[in-house]
Amino acid sequence: MKKGTAQMNSTSELDPTVNEGNQLDPRLKYDLSGKKPIVLIPQPSDDPDDPLNWSLAKRDTITFVLCLVSIMAATLGPILAANTVTLAFYFDKTFTQVALLTGWHLLGVGVAGFIFVPSARVWGKRHLYILGTVLLVVSSIWGGAAQSYNSLLWARVIQGVAVTPFEALVNASIGDLYPVHQRGKRMAFTNFALYGGAFFTPVIVGKMTFEMSWRWPFYFVGIFSGIMLPAVFFLVPETAFRREINTDMASTENLMYPQDTQDTIANQQRQSSVELMPTKQSEEHSQQASENGEHSQQASENGEQASPKTSTPYFKSLALFNGRKTDESVLKLVLRPFPLLLHPAILWGMLTQGALIGWTVMIGVVLGIIFMGPPLWFSEVKTGYMYTGAFVGAMLGFLVSGLLSDWSAKALSKRNNGVYEPEFRILLVIPQTVLGVIGLIGFGLTCSDIAKYGPYLPSFFFGMEVMGMILGATASALYLVDAHRDLAIESFTCLLLFKNFFSFGLTWKAVDWVAEAGVWRIFWILGVVQVVVGLLSVPMYIFGKRNRSFFHRHDILEMTKLR
């Protein structure tokens, strides 16, 4: 099977993991919680410290805590969206300079990604989640207390640094914590936390600014982040796990290799550093029963039971560092994203996720200029309410992507004789493109004659655009985790860099473009661009399997001496 291809439904008659009489293969571990057993991909190791062996309740608690802090982090992106005019008068600055307070924040996220992601690869993610939460507290208090434009600008940059661990690493942690068939709804939830919370922020901030001043939204982010800091410290252990052989998305045939074949492949893998090959489930089958009862027991051939390894004591697990996760050079890890920008799947993911995120910057500029000027003369409160449609769109996007992502993968796998292909995730791009394009064009049309169409239709179309954005973010993240798990962190770095640098560039020109070309013409062009971006998913779906095979045989990081 190609890299990323996996057998999911163990009851398929074509499934080699089922013995005669539909008996489960004792060499493999299964999720037995549903009507039919599902082979766990990746296969958990026998180590109790392996996150895949933790109880589902523990893993979901970690995800929930990270999502709560991600909401706090996400609020900082659009926290000034309803305050454009207020801050322009307060600091005596132009609309472009006020927009750049958000732009420099996004730039801080992108620049910090170069440092934080290699750090996560080498030492794990826990220390970065804690550091990010601390910086959220400090920079938010700083932003609220800023007495000058430059002071607020630097606070915004540091806030961007604080946001980086949550934007760059939470989706990768989902890959650490869950097998393939459990990732879809969780990743939809994390994307909703990162993006849905952001679009609800202006609804609250507008009212808060009107009643309490523009400083208090920053203070509240600092306060709530401070409340979440103990939860991050005590409830989020290290999710990165150093595997002797990384079996994520290995094919079922690989899971079935005899031990001598596994050892040969393992030696080859160590030479090439390709994290693909088989699980180390030896023919001396040790007995393994997971905490949540999902795993089948592993029996040894001679009937003996291996001595179980004890898990790390709780208080020891609270350490910021628990050893290196890779022996690779930090400098090489810093440089890795650059050649990967040419990787077709990663380039597709950047455009699929980043384009619609960037267009929300354009929408935010229009809301700040059109609605707070004639003929509506909206206050901060009413301008903030215009984001209600975006929040509802994010909520619907979360629900739809959560329902469709895992269900569609399982349904298509069943139609494919039980064989799962990561390309099944790409189908979410169909509703993304339809909703995104209608949202962009509809928003531009209704805003071009706001006196005729009124304020509610633009908010409705904004919601459609955001719903499409959530679907695209979920589809691209799931595909990259499933198809290129060994590049998951680097691929999310590329997505992070693209969307933030792209959005930063838009803040420089958005006001001028709207003033020169008009709202309708700008958004008509953006709609056409989004159609082109959506159509890129067609060759990605058709040739994705060949692309995976090609880059497994021609490792772009090995060719550039970065692996």
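The table for this structure:
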| quantity | calculated |
| --- | --- |
| Candidate lysines - alpha carbon under 19 Å from LYS316, same-chain residues fewer than 8 apart omitted | LYS58, LYS125, LYS325 |
| Amide hydrogen neighbours beyond the local backbone of ARG336, cut-off 5 Å, H modeled | none |
| Part-to-part distance (alpha-carbon centres) for the range 331-354 and the range 423-441, which is given in Å | 22 Å |
| Order by protection proxy (mean Cβ within 10 Å, highest first), peptides 202-215, 83-96, 471-484 | 471-484, 202-215, 83-96 |
| Amide H contacts under 5 Å for TYR420, placed H, 5+ residues apart | ALA6, GLN7, MET8 |
| Where a label projected 7 Å from the Cα of PHE321 along Cα→Cβ would reach, residues of the range 111-131 with amide N under 13 Å | 119-128 |
| FRET E, pair TRP508, LYS35, Förster distance 41 Å, beta-carbon r, rounded to 0.05 | 0.15 |
| Largest-first ellipsoid semi-axes for the range 165-247, taking √(5λ) over the Cα gyration tensor eigenvalues, angstrom | 34, 16, 8 |
| Alpha-carbon Rg/Rh ratio, for the range 78-185, with Rh computed the Kirkwood way | 1.09 |
| Calculated from backbone phi, Karplus (6.51, -1.76, 1.60) coupling profile of the range 125-132 in Hz, x at Gly/Pro | 9, 4, 5, 6, 5, 5, 4, x |
| Cα-derived Rg over Rh, computed across the range 77-129 with Rh taken as Kirkwood radius | 1.22 |
| Portion, in percent, of the accessible area of the range 405-563 that falls on carbon or sulfur, probe 1.4 Å | 69 percent |
| From phi via Karplus (6.51, -1.76, 1.60), per-residue ³J(HN,Hα) for the range 171-187 in Hz, x at Gly/Pro | 5, 5, 5, 4, x, 5, 8, 10, x, 3, 6, 9, 7, x, 5, 5, 6 |
| Using alpha carbons only: equivalent-ellipsoid semi-axes of the range 360-401, gyration tensor based, whole Å | 24, 11, 6 |
| Peptides ranked, highest mean first, by Cβ atoms within 10 Å: ranges 323-331, 139-147 | 139-147, 323-331 |
| Ellipsoid semi-axes in whole angstrom, largest first, where each is sqrt(5λ) of the Cα gyration tensor of the range 321-388 | 43, 17, 10 |
| Nonlocal amide H pairs with TYR30, under 5 Å, H built at 1.01 Å | LEU40, SER296 |
| Residue-wise HN-Hα coupling along the range 421-430, computed from phi with Karplus coefficients 6.51, -1.76, 1.60 (Hz; x: Gly, Pro) | 10, x, 4, 4, 5, 5, 4, 5, 5, 4 |
| With every protein chain in place, the range 359-399: carbon and sulfur % of accessible area (1.4 Å) | 77 percent |
| Sulfur and carbon atoms: percent of accessible area, the range 155-213 [1.4 Å] | 72 percent |
| Cα pair distances exceeding 22 angstrom across the range 429-563, given as percent | 50 percent |
| Extension reserve of the LEU341-LYS58 stretch, reckoned as 0.36 nm per residue once the Cα distance is removed | 98.4 nm |
| Average accessible surface area per residue within the range 330-416, 1.4 Å rolling probe, Å² | 39 Å² |
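The values are calculated or read from the model by the stated rules, or taken from the named source; none is laboratory data. Here the structure is a predicted model, which means the values were calculated and not measured. Reconstructed Cβ throughout: ideal geometry from the backbone, glycine too, with neighbour counts over all protein chains shown. Heads up: the accessible areas ignore ligands, DNA and RNA and are worked out on the full protein's heavy atoms, side chains in. Shrake-Rupley method; radii C 1.70, N 1.55, O 1.52, S 1.80 Å.
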